[in-house]
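The values are calculated or read from the model by the stated rules, or taken from the named source; none is laboratory data. In this text the structure is predicted, and so the values were computed from the model without any measurement. Here the Cβ positions follow ideal geometry from the backbone for every residue, glycine too, while neighbour counts run over all protein chains shown.
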Amino acid sequence: MAAKKSDAVRAIAVVGPSGAGKTTLIQELAAVAPDGKSAPIAPPGPSTETSLTAVEFMGDRYVMIDTPGAIDFAAEIDYALPAIDMALVVADPAPDKAVLLQPFLKELERLNIPRALFINKIDQAHGRVRDLLEALQPASEKPLVARQIPIWKGEEVAGFVDLALERAFIYKPGVPSERVDIPADLVEREAEAHFHLLEQLADNDDALMEQLLSDVSPSVDTVFADLVRETNEGLIVPVFLGAANQGFGLRRLLKALRHDAPAPELAGKRLGLKGGGAYVLKVSHAGQAGKLAVSRAFGAIADNAQFTLSDGSSGRAGALFSMQGGQFKKASALADGDIGAIGKVDPVAAGDLLSTSGAAATKITPPLRFPVYQLAIATKDRKDDVRLSGALAKLVEEDPGLSVLHDPQMHEILLLGQGEPHLRQVLERLKTRFSVEVATAKPSTPYRETIKKAITQKGRHKKQTGGHGQFGDCTIEISPLPRGSGFKFEDRITGGAIPRQWIPAVEEGVAAAMEKGPIGFPVIDVAVAVIDGAYHPVDSSEHSFHAAGRLAMNEGLAQCAPVLLEPIEKLVIMTPSSGTSKINSAITRRNGQILGFDARDGWPGWDRVEVYLPHAERQDLILELRSLTQGLASFEAQFDHMVELTGRRADDISKKAHAAAAE
């Protein structure tokens, strides 16, 4: 057996769109590893969480990280990717699916992570691989460098030629590929593809370029050294072919990972970790084990290790756990590069760096993902309210794509996430892990109302009881204000008609009446001036003038030509250009307004569309956008302005508001 390349465990993230075959690929890589050592993983199917598989190949150890492919669960890997040594991007052989790779490649490029591309299901390919690479290239900022070309037998791919070794292999299901002579009809094509490989490498190697210009054939060692260096530096993206479910091309892929994947030191340097330590990929609340920091070790980590946290504070590992699939098993140490869990370091969160050298390192914070889908939730049993609060806090800590908002104006608890499937999974976790069942509803739209007419209105509160009575009398002027002005109150009392100490009570009563206007919603952009009134030396009180102010405002607002205001948001939608026209039509159907669109900066074949859209139309918008764009489109939104809403829609909204208030 060949000597192992590294004593450290190398971490390989397997990324790509749903349906590309990532989970199957990891399973089959583990199955064909000659050492035969692998950890169990989840069965094939749509992955919504990261899972780990330990693999040993030719003495080297790897942790394969299976990642979600759907954009709804992409936040799951935001904190994991910065710590990996290399990413294996899995692609479908169909050229029309090339755009699906772009979000993954862009994130890897942003993080400067070495990456390779594996074209899976090559046994199902139709058409030339050259055409496929031409379709894939716009998705990658760096050149795609073919390491292999296919050997065709009729309409099917029967094997491949390794362009670095210049050797041919025929696929054999379930067993190693058979080495053969390069087919005669492929010799010229192989020579052309081999030279193109050298040209691509020479773009980053002056010495190799000089050899090519001098018609000197570089040695195999020179070619491999360049492939390793340029891959490690993120200058190229090598491309491999295979079919995971047939076992095609997997041993060659494992050998490439063995030689090309860098040691953990490169990832530690990229993270800014000085000396040894650990990086927290995610937090998990694991029953009796409590809060665990799922981390990657840089340098061996011993049980009870002392750490310096990102904020400069100190902590000690209460316990260490190895990870296999979704299971935690107590361990005495974590090997260099391995991924395990650290217990009882309560202050830590995803992105924290735990230094063993005493030098604090800056926390890693990925770009925030805008929550594109929301649900209002409430416990089915009020006794579960406290349990719900604790459960949500834990879920938010575990899931960077999830947030919770308590909306005091609408009296709602909102779950905010990355899509309907994402929040459906969160609700399932609430039920199964925390035994909390909730009712869900569409979040309320924060409608408002205002007035268009000014009036003067008197309000009198008079009540006689056995002892002291109640008496308050005020006259107010109500007038509209420009949009966005809010509420203004003015005291214009003269001659002591209302004693000064009770003017604030009038203002409070007026404000209370504005909490729900005649249409059924809070009133905004109104000016009120108290101009006259009367009081009784015995029966008047703060309560009486509060009631008088509220009564005057309630009666007055109904006479001020109230109108309903609808909130309008400005959305920036990111979409493949092929979906732009369909998205424009969808926005128009939703009473939206297209403001314009332009090419998305740095994303060939994508557009940036700006629109105005009523808040009420946003809730399920993401479902339609993604159905129109192969699941790729997303958006960010912010409140922009309010507009008057009249007619049947306004009447229907008002009726629903009054009906809800009567329940």
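The set of residues in segment 339-365 being closer than 11 Å to D311 by Cβ and assigned to a loop (DSSP other than H, G, I, E, B) consists of P347, V348, A349, D352, A360, A361, T362, K363.
Among the residues of segment 45-103, those that are part of a loop (DSSP other than H, G, I, E, B) and closer than 24 Å to P262 by Cβ comprise T50, M58, G59, T67, D78, Y79, A80, I84, D85.
Residues that are part of a strand (DSSP E or B) and of a type in the set (S, T, N, Q) were ranked within segment 617-663; the one that is nearest to R600 (Cα to Cα) is S634. For segment 255-270, the criterion of being part of a loop (DSSP other than H, G, I, E, B), surrounded by fewer than 23 Cβ atoms within 10 Å (Cβ to Cβ) and modelled with pLDDT under 90 is met by no residue. For residues that are assigned to a loop (DSSP other than H, G, I, E, B) and charged (D, E, K, R), scanning just segment 296-321, find the one that is farthest from L271 (Cα to Cα). The qualifying residue farthest from L271 (Cα to Cα) is D303. If the condition is being surrounded by fewer than 11 Cβ atoms within 10 Å (Cβ to Cβ) and either basic (K, R) or in contact with a Phe, Trp or Tyr (Cβ under 8 Å, 6 or more places away or on another chain) (or both), then segment 169-224 contributes only P173. Can you confirm whether P400 is buried (at least 21 other Cβ atoms within 10 Å of the Cβ) and closer than 27 Å to G351 by Cβ? It is true that P400 is buried (at least 21 other Cβ atoms within 10 Å of the Cβ) and closer than 27 Å to G351 by Cβ.
Please find, among V216, V187, the residue that is in a helix (DSSP H, G or I) and of a type in the set (V, I, T). None of the other options fit; the residue is V187. Determine whether segment 221-240 contains at least one residue that is over 22 Å from Q137 (Cα atoms), part of a loop (DSSP other than H, G, I, E, B) and assigned by TED's automatic domain parsing to the domain that holds A91. No: segment 221-240 contains no residue that is over 22 Å from Q137 (Cα atoms), part of a loop (DSSP other than H, G, I, E, B) and assigned by TED's automatic domain parsing to the domain that holds A91.
For segment 140-187, the candidate set comprises residues that are touching a residue at least 60 places away in the same chain (Cβ under 8 Å) and small (G, A, S); within that set, the residue that is farthest from L250 (Cα to Cα) is S140. Here the strands (runs of 3 or more DSSP E) wholly within segment 117-184 that include at least 3 residues being within 25 Å of A30 (Cβ to Cβ) are 156-162, 167-172, 175-180.
The set of residues in segment 132-152 that are within 22 Å of A184 (Cβ to Cβ) and surrounded by fewer than 17 Cβ atoms within 10 Å (Cβ to Cβ) contains only W152. Among residues that are farther than 19 Å from F73 by Cβ, basic (K, R), modelled with pLDDT under 90 and assigned by TED's automatic domain parsing to the domain that holds L427, R316 is not included. Out of all the residues in segment 623-638, is one or more loosely packed, with under 13 Cβ neighbours inside 10 Å and in contact with a strand residue (DSSP E or B) (Cβ under 9 Å, 6 or more places away or on another chain)? Yes, because at least one residue in segment 623-638 is loosely packed, with under 13 Cβ neighbours inside 10 Å and in contact with a strand residue (DSSP E or B) (Cβ under 9 Å, 6 or more places away or on another chain). Every test in (1) touching a strand residue (DSSP E or B) at 6+ places or on another chain (Cβ under 9 Å); (2) outside any strand (DSSP E or B); (3) surrounded by fewer than 14 Cβ atoms within 10 Å (Cβ to Cβ) is passed by L368 save one, and that test is (1). Against the numbered list (1) surrounded by fewer than 22 Cβ atoms within 10 Å (Cβ to Cβ); (2) outside any strand (DSSP E or B), I413 comes up short only at (2). Considered as a group, the residues in segment 561-607 that are buried (at least 17 other Cβ atoms within 10 Å of the Cβ) and touching a Gly at 6+ places or on another chain (Cβ under 7 Å) include one that is nearest to V99 (Cα to Cα), and that residue is P576.
For Q324, the conditions (1) without any contact (Cβ under 8 Å) to a residue 24 or more places away in the chain; (2) surrounded by fewer than 20 Cβ atoms within 10 Å (Cβ to Cβ); (3) part of a strand (DSSP E or B); (4) not aromatic (F, W, Y) are fulfilled apart from (1). Here F434 fulfils each of the conditions (1) at pLDDT 95 or above; (2) buried (at least 16 other Cβ atoms within 10 Å of the Cβ) apart from (1). Checked against (1) in contact (Cβ under 8 Å) with a residue 12 or more places away in the chain; (2) outside any helix (DSSP H, G or I), K106 passes all but a single condition, namely (2).
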